[in-house]
Every structure is written in C-alpha cells, then in structure tokens.
Amino acid sequence: MVSLQQIYATTNLFLNTLNDNSILYYKNIVDLLKDSLEEAKNIDFNLETTTRMTLENKIANLNDFYQKEQININVNELISNGTINFICYENYLVGCNYYDGNHRVIDVSNNGLLMENEILVHELSHYQNQTFNGRGEVNNMLTEALAYFEGLVYLDYLKDIGYELDALELKKYFILMLQQELKRCYGLLKMLWCFSNMGTITKKDYQYFYNSQDNEEITTDYLENLKYFYQSYQKNFPVYRDIWLILTGLLTPYMYNQSQLDESFKKTIRQLNTEINVLSLDEVLKKLGIDDINGKVFDLSFELEKFIREVKNEEEILRRKRK
C-alpha cells in the first residue's frame, strides 16, 4: 500500500511540473469541457458492429487513405523495414509508439478488425512528428491532439467509402474516451489544487478546502479522486500526460470542425508535424488561428459540444437510412 507520505512526495514532484496557477488554469479548462460533454449523454459504443477485414485489405485501405489525403506514407514500406509490427492481442485493441535503439517502432493489434486501422492512423501521426532525439515540451503537449485529429479525418474517409457504421461508432468512442479521461484528469487536478493550498490531501482538508459538507457525496468524490491520484502515482504518469488529453479535448474538435469548413486547413495542421519541434506553443496556436488561447478557451470548449451534436446527428441519419 502506498503511504500518504509517498503520495505527498509525489505530489510535490507534480507541482514542480505544473505551477499552482497552471493547476487551477487546467482544472478550469476541464470544467468547461465537462460541461460540453454533457451533450454526450446517452451515447454508447458497440464494438460488435465493427467490420471484419483481412490484414491485406486493411493495408490496402490505409494506403488508399494516405494517397487520397496526399500524405507521404507507404504502409507496405513501413512494414517491410520493421517500423510497423502487427501483433495479435485476442480481444484487445492496442497501439503504441516507441524507440528500439535508433529505430522508431509502432506495435498495433491485429484481430482482423477494420477499426484497428484507426489506431494505426493515430500511431502513424505520432510517428510523423517523432524525432530521433525524443519529444520537446510543445511536441509532448500537442502530439495527441494532432493524432486524434488525423484519426477523425480517417473516419470520414471510411464513411465516404461506405463504412458509415464503423466511422460513427469510432467517433462515439472518441467522445467516450474524452469523457472518461477528462474525469480522471479533473480528479487528479482537484487533488493537486487542494494539496498546493493545504499541504495535505486528507479527507478532512479536502472537505474544508472545497467547502463541502461531510456526507456520502463528498466521501465518494474524495475517494474517487484519490483513486485517480494513486493510479497516476503507480503508473508514474507525469502531469503533462494529462495536459495532452486536456488539449486534445480543447483543440482536436476545433481543428476538425475548421477542416470541415475549409479543406485547406488540413494542410496547415499537417505542417505542424514538423513545426511542433521548432516553434513555441503560442506560434503553433497562431498558425491554427488562435491568437490568444486564454481569451478563447470558452469558445474552444463549445467546439467539442458542436462536434458531439454533429455525431449525434450522423447517428440519427444513419438510423433512418437503416430502417
């Protein structure tokens, strides 16, 4: 069992990664995103509806996508040179991106499901902005947002070639993933904000700091958020990993919605695969049309709500077509 002293020590390490103001800043962003995710009520994800497909056809599908999007990726070549490894994890969908010496490697599950292609598109997006010297701060903060954006573009490609149900289910999965991860991020940030002000995260101080009555609701809230903190401690997750996901919720729907209005915006986004290794965060955001992210956080949070409404609309249209 991890002791409170160990938790306090780890919390101080987290606070060195994010200063006190940043903790409150990101906590407030998650608050706004959680409000937008209220639009996602009654959304569910059905894995059983996904199309089965041979590996040969999945590879052909991916190459066709990259050719149509004019992205310089040849999946066959990346398989041949050992960059992409297909691994059969039965009933388990996974993708990961790592270094093997000086070689960049992607492992992805192969259970004969079309939806696994979206996982590979996501990992190949990371691959495009992964340098041989590791990732810098801006890259670390934005690589997830770019990867999820590319995954959504791929889902629209699937929709266009007739795999409407697969595309819809995976868009819903993206929403539900954000819902789950932002809940975890929020719990962790609440604990950090309490600790930075009170010096402890005991239930008594947590209750006092958040001005709550001692009842079942605050007990449940405290224990659940303490669980998220334990998970971060045990898995050694640095706080910036949570910032990846917060910025994904804030920026990916915005980038996707903008690209729906202006096809050329995709090119601007994809240029960032190189630029996030050399530009500052402010410079990257300006390229996305965000001159002052602090002043636009409220508007950006509504982009997630807009995206969710559109997915629900797609679901209704498909339901009527399938009657």
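Tabulated values for the structure
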| quantity | calculated |
| --- | --- |
| Meets criteria (part of a helix (DSSP H, G or I), surrounded by fewer than 23 Cβ atoms within 10 Å (Cβ to Cβ) and among the acidic types (Asp, Glu)) for residue 166 | yes |
| Selected residue (only one of 219, 200, 268 is farther than 23 Å from residue 32 by Cα and not in a helix (DSSP H, G or I)) | 200 |
| Residue within the stretch 234-246 that is modelled with pLDDT of 90 or more, surrounded by fewer than 14 Cβ atoms within 10 Å (Cβ to Cβ) and in a loop (DSSP other than H, G, I, E, B) present | no |
| Qualifying residue in the stretch 299-307 (condition: at pLDDT 95 or above, over 20 Å from the mean Cα position of the chain (by Cα) and either closer than 29 Å to residue 163 by Cα or buried (at least 17 other Cβ atoms within 10 Å of the Cβ) (or both)) | no |
| For residue 141: the one exception among (1) within 21 Å of the chain's Cα centre (by Cα); (2) part of a helix (DSSP H, G or I); (3) closer than 21 Å to residue 172 by Cβ | (3) |
| Pair list, Cβ under 8 Å, 6 or more apart: the stretch 120-141 residue within 18 Å of residue 245 (Cα to Cα), other residue buried (at least 22 other Cβ atoms within 10 Å of the Cβ) and at pLDDT below 80 | none |
| One residue from 36, 80 being in contact with a Phe, Trp or Tyr (Cβ under 7 Å, 6 or more places away or on another chain), at pLDDT 90 or above and small (Gly, Ala, Ser) | 36 |
| Residues (of a type in the set (Ser, Thr, Tyr) and at pLDDT 95 or above) located in the stretch 130-172 | 148, 154, 157, 163 |
| Residues of the stretch 290-319 classified as touching a helix residue (DSSP H, G or I) at 6+ places or on another chain (Cβ under 7 Å) and outside any helix (DSSP H, G or I), total | 1 |
| Criterion violated by residue 273 - all others in (1) touching a residue at least 24 places away in the same chain (Cβ under 8 Å); (2) of a type outside the set (Ser, Thr, Tyr); (3) under 23 Å from residue 22 (Cα atoms) satisfied | (3) |
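The values are calculated or read from the model by the stated rules, or taken from the named source; none is laboratory data. No experiment lies behind these values; they were computed from the predicted model shown. FYI the Cβ positions are ideal-geometry reconstructions off the backbone, even for glycines, and counts take in every protein chain you see.
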